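Here is the structure we will look at, set down as structure tokens.
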Amino acid sequence: MSIIKELEKDIKNTIENIGYNIDNFTLEVSKRKDLGDYQINDCMNLAKAYSKNPRVIAEEIKKKLEEDDRLTNINIAGPGFINISLSDKFLVNTINLINDDINNNIDKKEKKKVIMDYGGANVAKALHVGHLRSANIGEALKRLARRLGYEVISDAHLGDYGRPLGLVILEIKKMYPELEYFNDNYKGDYSDIEIPITNDDLEKIYPAASLKAKEDENYLEEARIITTKLQNHERGIYDLWKKIIDISKKEIKQVYDKLNVYYDLLEGESDAAEYIPELLEILEKRGVTKKSEGATIIEVKEDGETSPMPPVLVVKSNGSYSYETTDLATIIERKKKFNPDEIWYCSDGRQQLHFEQVFRATRKAKLLDDNVKLEYIGFGTMNGTDGKPFKTRDGGVMTLKALIEMVKDETRKRINYDIVLEDKVEETVEKIAISALKYADLIPNRITDYIFSPDKFSDVEGKTGPYLLYSTIRMKSLLQKGYEYKQDNYIKINNDTDRDIIIELLELPNILTKSLDSKSLNDIADYLYILTNKYNKFYSENKVLLEEDKRLQESWLVLTKVVYNTNLLLLDILGLLVPEKM
Ligand code: ARG
């Protein structure tokens with residue numbers, strides 16, 4: 001248990017031993033630092049519950065708390081607020097404990113096995129801005145959940161099985177009709193038949209094909225037929241598809257690597273295909289499907305529900321499967337392979353309805369035990385400075401790669417070439433740019449849309465990734481220079497700035513828990529900024545390396561180290577990369 005939780009537990013016990021029951025007790029960091037470090041605001045509620053004067057209760061509690069040598073300066077204000085401060089001895093002890101092991105400042109959750117479905121890139125299509133959010137938020141949640149003790153299996157769940165692939169294959173057929181993949185009479189092996197197509201080609205082929213399908217009904221119909229052939233694993237088409245997948249997956253993995261996003265599984269919709277027959281069998285057995293206009297559907301609308309809730313299309317009238325079908329089959333696959341306690345889906349806010357349909361169908365067909373939780377983690381869109389979804393200059397869809405390049409250009413302008421060695425420039429630019437992008441994306445509550453300005457978020461000043469990196473590197477450099485003095489023991493608190501940092505550090509476990517509960521990283525992003533600012537205030541007020549009181553100097557170095565390690569922990573949770581120098 002974290003130090004702060006331990007203290008809260010003990011205070012709660014003290015109050016209950018006097019005879020007052022308290023359900024949730026937490027220490028509130030005081031906004032009035034002159035009155036104390038924390039406030040206890042429970043006396044008003046207790047007064048109601050026990051029909052007593054709140055000040056009388058406050059007095060009783062105060063008397064008991066005075067026996068606790070971790071606390072000092074206990075005073076009562078107003079109708080019955082109790083202000084308390086932490087004793088210097090306790091604060092000193094706290095820093096040493098966190099310095100011993102940062103886990104002393106983290107509360108672990110009860111162990112759970114979670115499958116985290118995020119990223120969701122589509123093969124043969126360029127990743128776009130929306131995919132950044134899914135990968136970024138999902139990755140950070142995965143890292144956070146792991147830190148707090150969950151077992152997390154991450155899966156990108158690539159879109160590799162639907163009509164877009166049918167369209168791409170059709171367009172390739174139009175471009176290269178002579179390819180053996182389209183030759184029904186070809187009986188040989190496909191494995192060594194090369195295709196004249198690169199990933200860049202693929203990214204152009206899909207938009208072209210998609211446009212044609214919109215304009216030409218016959219073209220669309222042809223694509224539908226190919227999609228069904230693909231899903232039936234028909235020779236030739238299926239083999240070509242495998243080649244496309246290979247090319248595209250390599251590229252996708254490279255982009256994710258660049259973003260510092262890593263998966264245990266890079267599976268796709270297609271990997272669930274082998275579970276579709278079993279899915280259909282279960283649905284049939286449980287009697288949850290219906291025939292409707294040649295298709296097989298599951299009704300998921302509840303009685304009296306007024307908002308739109310279309311039925312789940314399990315098998316389309318032409319025999320192909322929908323996006324919902326593969327998600328349902330994936331649930332069967334995941335249950336078989338991992339038997340998770342929870343499955344989390346981090347995907348664009350526009351897919352909310354899709355997941356609601358899938359979840360309802362899952363429950364209706366009892367694909368999972370009722371206690372297995374399904375959670376949809378949606379998010380808003382990243383907009384340009386004009387408040388509209390981020391677009392290219394000419395109004396086209398902004399690919400993720402183009403966006404990264406844009407931020408890199410901004411970053412390059414600000415690199416300090418006196419500090420960063422020439423052969424490290426590219427690597428440094430990349431790390432800073434990715435951090436700028438990712439941090440900006442994690443500051444807002446995930447549900448809200450936000451405005452991304454490459455210029456603003458690449459700045460080394462302000463609430464930005466580069467500012468955090470810069471400050472953290474400066475801590476490291478201070479520690480390196482101060483190393484010769486270091487005994488690694490925090491001995492004494494100097495003043496209120498030091499004190500303020502320690503109180504802030506004690507908030508860490510709450511922030512982490514809150515973030516995981518809300519599945520939003522904004523609290524962590526904020527906290528990192530606040531802690532860093534407090535440390536920077538300390539840094540500018542004190543000349544650590546010139547300090548003559550060696551006990552104080554040593555204490556300051558330990559404090560620096562604890563903040564530095566906390567920053568590294570949080571930067572790692574957020575998935576930001578720290579360069580050597582900047
Ligand atoms: N490929 C989808 C997209 O680009 C996201 C996939 C989300 N995950 C899932 N299990 N459906 O929108």
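The values are calculated or read from the model by the stated rules, or taken from the named source; none is laboratory data. Since we're looking at a predicted model, the values are computed, not measured. Here the Cβ positions follow ideal geometry from the backbone for every residue, glycine too, while neighbour counts run over all protein chains shown. Each accessible area value is taken on the protein alone, full model and side chains, heavy atoms only, with ligands, DNA and RNA left out. Shrake-Rupley method; radii C 1.70, N 1.55, O 1.52, S 1.80 Å.
Selection among Thr472, Ile434, Ile503 by position relative to the dipole of region 414-508 gives Ile503 as farthest towards the positive end (Cβ unit charges, Cα centre).
Once the Cα-Cα distance is subtracted from the 0.36 nm per residue extended length, the Asp10 to Lys48 segment shows a gain of 11.4 nm. Maximal additional length on extending the Glu215-Ser87 stretch stands at 38.7 nm, based on 0.36 nm per residue less the C-alpha distance. At q = 0.17 Å⁻¹, what base-10 log of I(q)/I(0) does the Debye formula yield for region 134-196 when every alpha carbon is treated as an equal point scatterer in vacuo? Calculated log10 I(q)/I(0) at the listed q: -0.72. Tilt of helix 508-518 relative to the longest C-alpha principal axis of the chain, in degrees (0 to 90, nearest 10)? Result, in degrees: 30. Residues within the reach of a label modelled at Leu35 (point 7 angstrom out along Cα to beta-carbon, backbone nitrogen below 18 Å), restricted to region 54-85, are 54-63, 72-85.
Order Glu293, Glu139, Glu234, most accessible first, counting only protein heavy atoms with a 1.4 angstrom probe. Let's see the in-between values first.
Values: Glu293 175, Glu139 5, Glu234 80 Å².
The ordering from most to least exposed comes out as Glu293, Glu234, Glu139.
Using R0 = 35 Å, the C-beta based FRET efficiency linking Lys391 and Phe182 works out to 0.45. Only protein heavy atoms count here; under a 1.4 Å probe, His128 has an accessible surface of about 70 Å². Solvent exposure of Thr198, expressed as accessible area, is near 70 Å², computed with a probe of 1.4 Å over the protein chains only. Considering every Cα-Cα pair within region 278-384, what fraction, in whole percent, is farther apart than 19 Å? Of all Cα-Cα pairs in region 278-384, 47 percent lie more than 19 Å apart.
If you build the convex hull over the alpha carbons only and average its shadow over all orientations, what do you get for region 445-582? Give it in nm² to one decimal. Mind showing how you got there, number by number?
Numbers: hull surface 35.7 nm².
Its average projected convex-hull area is 8.9 nm².
Each residue, Asp418 and Asp189, gets one label point 7 Å from its Cα in the Cβ direction; the gap between the two is 6.3 nm.
With a cut-off of 13 Å on the backbone N, the residues of region 337-355 near the modelled label site 7 Å out from Asp449 along Cα-Cβ are 349-350.
Angle of helix 199-215 to the longest C-alpha principal axis of the chain, folded into 0 to 90 degrees and rounded to 10: 70°.
Give me the percent of DSSP beta bridges within the chain that run antiparallel, rounded to the nearest 5. Beta bridges within the chain, antiparallel portion: roughly 50 percent.
What separates the Cα centres of region 37-109 and region 279-348 is a distance of 52 Å. Ranked from largest, the principal axis spans of the Cα set of the chain equal 89, 65, 42 Å.
Using a Förster distance of 41 Å, how high is the FRET efficiency between Ile22 and Lys364, based on the Cβ-Cβ distance and rounded to 0.05? Spell out each step's value before the answer.
Working: r = 42 Å, r/R0 = 1.02.
After rounding to 0.05, the efficiency reads 0.45.
In the context of the full protein assembly, Leu167 retains an accessible surface of approximately 10 Å², using a probe radius of 1.4 Å and ignoring ligands and nucleic acids. Counting protein heavy atoms only, region 34-128 has 48 percent of its accessible area on carbon and sulfur, 1.4 angstrom probe. Over region 53-158, all Cα pairs binned in 10 Å intervals from 0 give whole-percent P(r) values of 13, 22, 18, 18, 17, 9, 3, 0, listed from short to long. Once the Cβ-Cβ distance of Lys174 and Lys108 is raised to the sixth power relative to R0 = 51 Å, the FRET efficiency obtained is 0.35.
When 1/r is averaged over all different Cα pairs and the result inverted, which Kirkwood radius in Å belongs to region 446-487?
12.6
Look at the dipole of the chain built from charges on Cβ: of Gln357, Ile18, Ser307, the Cα furthest out on the positive end belongs to Ile18. With q set to 0.17, 0.30 Å⁻¹, the log10 of I(q)/I(0) for region 1-47, from the Debye formula over equal scatterers at the Cα positions, is -0.53, -1.15.
Stokes-Einstein D for region 228-340 at 37 °C, 0.692 mPa s, Kirkwood Rh over Cα pairs, in µm²/s? If you can, show how the numbers build up before the last one.
Details: Rh = 16.4 Å.
Stokes-Einstein gives a translational diffusion coefficient of 201 µm²/s.
Determine the shape class of region 155-307: with a ≥ b ≥ c the square roots of the Cα gyration tensor eigenvalues, call it rounded for a/c under 1.5, and otherwise prolate if a/b is greater than b/c, oblate otherwise. Verdict is prolate for region 155-307.
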